[in-house]
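Asker: Have a look at the structure that comes next, please.
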Amino acid sequence: MLKTFIENHTEEMLDSIAKLIRIPSVMGDRSENAPFGKPCADALKAALEIAEGMGFSVKNFDNYVGTAEYIPEGAEGIGLAVLCHLDVVPSGSGWTYPPFECTRSGDVIIGRGVIDDKGPAMAALYALYAVKEQKIPLKKGIRIIFGTNEENGSADLEYYEKCEAYPENVFTPDGSFPVINVEKGMLRSFFGGDVSENADDFIISVKGGTVANAVPEAAEAVIKPEFVEAARKAVSEDKSGVGFTVSENGIITAKGRSAHASTPQSGINAIVGLIGLLCKISDGKSEKAKKLSEILKILPMGETDGASLGLKCSDEKSGALTSVFSIFEMSNGHIKGTLDVRFPTCLTLAEVKSAEEKAFSTFGCSIESCMGDEPHITDENSDFIRTLLSVYEKHTGEKGRCLAIGGGTYVHNIKGGVAFGAEFGGTDYHMHGADEFVPIKELVMQAAMYADVMAEV
Ligand SMILES: [Zn+2]
C-alpha cells in the first residue's frame, strides 16, 4: 500500500524534483545567510517548503542544512535519519538538454542533480509522506536531513553536528544499492622538497596532473633542444603505454588514461610514464633526473598497490590498498607532488602517513600537508542492514548484499551510517557529467523501498 501511494503520487514527486533542478545550486561565494552561496540556500528553502506543504515540521540550520521530521503520536525521539544533499556539481559542457531544467524524455528525466542527489532526496521525502498519509504506526520518529555542501567537503554536516546528534540508524541515498557498509580510509598527502637547479641540466621543468583524486591523464616536460634526438629515441623504445610527442623546441607531452583514485588499475599514469622517459634520456649528469629516478623507486610505473611505498596490503572486508601519484611539479629548484592512497580497514591513517614519510625521506622530500579519513565500517549483521537488504530483495527480486568501496560517501564520518541507493549497478547515469539522467521507474521503486524501510525501522 505504501508502494501504491508512491505510484499514485509520481507526477507530484517529479514536479518537486523539477522545482529543485531549476535552482542551479552549485557552490558559490559565501554571502549573508548563505554559507555556500545563494543558490544552495534557495534549493534548501524550496525543499523545506515542499516538506512543509506535506505537513512535516521543518527546521533550517542557518542555511547549512535543513530537516523535515515526522514523529507520530506514540513515537519517541528519532530512530532513523535519511541524509541527502541539494547541492550539485557545475553543469560542465556537452549537454544536449538544458542542465538546469528537468526534461522528461520517454521513461527518464534528465538534468543536473536528478540522480545526485535531488531526485533521491525527493524520493526519500515522498517515502516519508507515504508513511505519514497511510498512518503507519512508528516506534520512533524519522528525520530527513537536507545538506547543501556534499560536493565540496561536507562543511554542512560539521555545522549540523554542532547542533544535533544523529540517531542510531542513518542512511544516505547518495551511493549505490544494495548497501555500502565499508568505505576505505583515505590519505591525500602533499609532499615537497628541493632539487639542485643547474644551468647544465637537460631537464628544465616537469609538470602533470590537475586533480588530486584521479590518475593523471596528461603531463609535460621541457628539456633542452639538444636532447630532442635522445628523447625521440627513448620514446621509440618506451613500453609504458603512455603516448608521447616531442617537439623540436624540447617540449615533451605525455598522454595516459584517467581513472578515479579508488580504481586506479584502469588508468595509465602520464606523470609516472613521463618521469620514466626522462630517466632514460638522462646522460647520467642530471641532478634532476637522479631525483626523478628516486621518485620512480617508490612510485614505479604501473604500480597502484603501494608495494614500493611499503604499504601493500588488503583485507577481507575492504579489499586491497590503492595508491595514485596524481599531481607533480618540478620547477625552479623545487619539487611538489600529491599522492592519493585508499587503505583498507587493517590500517590506520597514522600508519599510512608514517610509511609515506619514511619513503619520501629517502630522497629528501617530506609531507608538507595532508588530509584524510579513517576507514568507515558498519556491522553488516546489524538489524538495520538486515532490514535494508530484505526490503531491497522484496522490491527488486535480487539477492541483497553489502558492498565495500574505495571512495567515501556522505556518511563516511557518521557512526553506523550506510549508503542505500540511489544507483543500481550496471547503469551509467552520467553522474557529474553531461545529460545526467535517471529512469522514473527507478525513482518510484526507490521511494517505495525507502517507505518500507521507514515503516520497519
Ligand atoms: Zn552526491
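The values are calculated or read from the model by the stated rules, or taken from the named source; none is laboratory data. On a predicted model such as this, the values are computed, not experimentally measured, just so you know. A quick note on method: Cβ atoms are made from the backbone with ideal geometry, for glycine too, and the neighbour counts reach across all protein chains shown.
Asker: Name, by its number, the condition in (1) over 14 Å from Glu69 (Cα atoms); (2) surrounded by fewer than 20 Cβ atoms within 10 Å (Cβ to Cβ); (3) not acidic (Asp, Glu) that does not hold for Asn169.
Answerer: Here Asn169 clears every test but (2).
Asker: Would you list the strands (runs of 3 or more DSSP E) that sit entirely within the stretch 365-422 and hold 2 or more residues that are charged (D, E, K, R)? If you could, list the steps in order and put the result at the bottom.
Answerer: Numbers: elements: 365-373, 402-405, 417-419.
The strands (runs of 3 or more DSSP E) meeting that bar are 365-373.
Asker: Given the options Val222, Val272, name the one that is at pLDDT 95 or above, in contact with a Ser or Thr (Cβ under 6 Å, 6 or more places away or on another chain) and farther than 27 Å from His412 by Cβ.
Answerer: Details: Val272 fails: in contact with a Ser or Thr (Cβ under 6 Å, 6 or more places away or on another chain).
On inspection, the qualifying residue turns out to be Val222.
Asker: To continue, here is another question. Test His395 against the stated conditions and say whether it is buried (at least 18 other Cβ atoms within 10 Å of the Cβ), more than 22 Å from Asn269 (Cβ to Cβ) and in contact (Cβ under 8 Å) with a residue 12 or more places away in the chain.
Answerer: Values: buried (at least 18 other Cβ atoms within 10 Å of the Cβ): no; more than 22 Å from Asn269 (Cβ to Cβ): yes; in contact (Cβ under 8 Å) with a residue 12 or more places away in the chain: yes.
Spelling it out, it is not the case that His395 is buried (at least 18 other Cβ atoms within 10 Å of the Cβ), more than 22 Å from Asn269 (Cβ to Cβ) and in contact (Cβ under 8 Å) with a residue 12 or more places away in the chain.
Asker: Continuing with this model, one more query. Among (1) touching a residue at least 12 places away in the same chain (Cβ under 8 Å); (2) surrounded by fewer than 18 Cβ atoms within 10 Å (Cβ to Cβ), which single condition is Asp428 missing?
Answerer: (1)
Asker: Taking the stated definitions as given, is Leu311 crowded, with 18+ Cβ neighbours inside 10 Å, in contact with a Leu (Cβ under 7 Å, 6 or more places away or on another chain) and in a loop (DSSP other than H, G, I, E, B)?
Answerer: Values: crowded, with 18+ Cβ neighbours inside 10 Å: yes; in contact with a Leu (Cβ under 7 Å, 6 or more places away or on another chain): yes; in a loop (DSSP other than H, G, I, E, B): yes.
Yes; evaluated as a whole, the condition is true for this residue.
Asker: From Glu197, Glu158, Glu150, Glu220, grab the single residue that is within 16 Å of the ligand (Cβ to nearest atom), among the charged types (D, E, K, R) and under 27 Å from Glu368 (Cα atoms).
Answerer: Values: Glu197 fails: within 16 Å of the ligand (Cβ to nearest atom); Glu158 fails: within 16 Å of the ligand (Cβ to nearest atom); Glu220 fails: within 16 Å of the ligand (Cβ to nearest atom).
Exactly one residue qualifies, and that residue is Glu150.
Asker: Something else: Kindly provide the set of residues from the stretch 105-120 that are part of a loop (DSSP other than H, G, I, E, B) and either touching a Pro at 6+ places or on another chain (Cβ under 6 Å) or more than 10 Å from the ligand (Cβ to nearest atom) (or both), ordered by number. Even if it seems obvious, please write down each step before you answer.
Answerer: Going residue by residue through the stretch 105-120, those that are part of a loop (DSSP other than H, G, I, E, B) are 106-107, 111-117.
Correct list: Gly106, Asp107, Gly111, Arg112, Val114.
Asker: Being more than 30 Å from Asn381 (Cβ to Cβ), assigned to a loop (DSSP other than H, G, I, E, B) and out of contact with any Asp or Glu (no Cβ under 7 Å at 6 or more places or on another chain) narrows it down to one of Pro137, Pro98, so name that one.
Answerer: Working: Pro137 fails: more than 30 Å from Asn381 (Cβ to Cβ).
Only one candidate qualifies: Pro98.
Asker: Somewhere in the stretch 206-224, is a residue part of a helix (DSSP H, G or I), free of Cβ contacts under 8 Å to residues at least 40 places away in the same chain and within 34 Å of the chain's Cα centre (by Cα)? Write out each step before concluding.
Answerer: Residues of the stretch 206-224 part of a helix (DSSP H, G or I): none.
Within the stretch 206-224, not a single residue is part of a helix (DSSP H, G or I), free of Cβ contacts under 8 Å to residues at least 40 places away in the same chain and within 34 Å of the chain's Cα centre (by Cα).
Asker: Sort out which residues of the stretch 62-80 are surrounded by fewer than 23 Cβ atoms within 10 Å (Cβ to Cβ) and within 16 Å of the ligand (Cβ to nearest atom), and write them in order of number.
Answerer: Within the stretch 62-80, no residue meets the criteria.
Asker: Can Glu356 be described as without any contact (Cβ under 8 Å) to a residue 24 or more places away in the chain, surrounded by 15 or more Cβ atoms within 10 Å (Cβ to Cβ) and part of a helix (DSSP H, G or I)?
Answerer: Working: without any contact (Cβ under 8 Å) to a residue 24 or more places away in the chain: no; surrounded by 15 or more Cβ atoms within 10 Å (Cβ to Cβ): yes; part of a helix (DSSP H, G or I): yes.
Spelling it out, it is not the case that Glu356 is without any contact (Cβ under 8 Å) to a residue 24 or more places away in the chain, surrounded by 15 or more Cβ atoms within 10 Å (Cβ to Cβ) and part of a helix (DSSP H, G or I).
Asker: I'm told Glu161 meets every condition in (1) crowded, with 18+ Cβ neighbours inside 10 Å; (2) at pLDDT 95 or above; (3) not aromatic (Phe, Trp, Tyr) except one. Can you identify the failing condition by its number?
Answerer: (1)
Asker: Given the criterion within 13 Å of the ligand (Cβ to nearest atom), crowded, with 20+ Cβ neighbours inside 10 Å and either over 16 Å from the mean Cα position of the chain (by Cα) or farther than 19 Å from Met122 by Cα (or both), identify the matching residue among Val411, Val438. Before you say what the answer is, go through the steps one by one.
Answerer: Values: Val411 fails: either over 16 Å from the mean Cα position of the chain (by Cα) or farther than 19 Å from Met122 by Cα (or both).
On inspection, the qualifying residue turns out to be Val438.
Asker: Conditions first: (1) surrounded by fewer than 19 Cβ atoms within 10 Å (Cβ to Cβ); (2) touching a strand residue (DSSP E or B) at 6+ places or on another chain (Cβ under 8 Å); (3) at positive phi. Gly209 passes all but one, so which condition is the exception?
Answerer: Here Gly209 meets the rest and fails (1).
Asker: List, please: which pairs have Cβ atoms under 8 Å, are six or more places apart or on different chains, and start with a residue in the stretch 81-100 that is over 21 Å from Pro35 (Cα atoms) and within 14 Å of the ligand (Cβ to nearest atom) and end with one that is hydroxyl-bearing (Ser, Thr, Tyr) and at pLDDT 95 or above?
Answerer: Filtered contacts from the stretch 81-100: Val82/Thr172; Val82/Tyr450.
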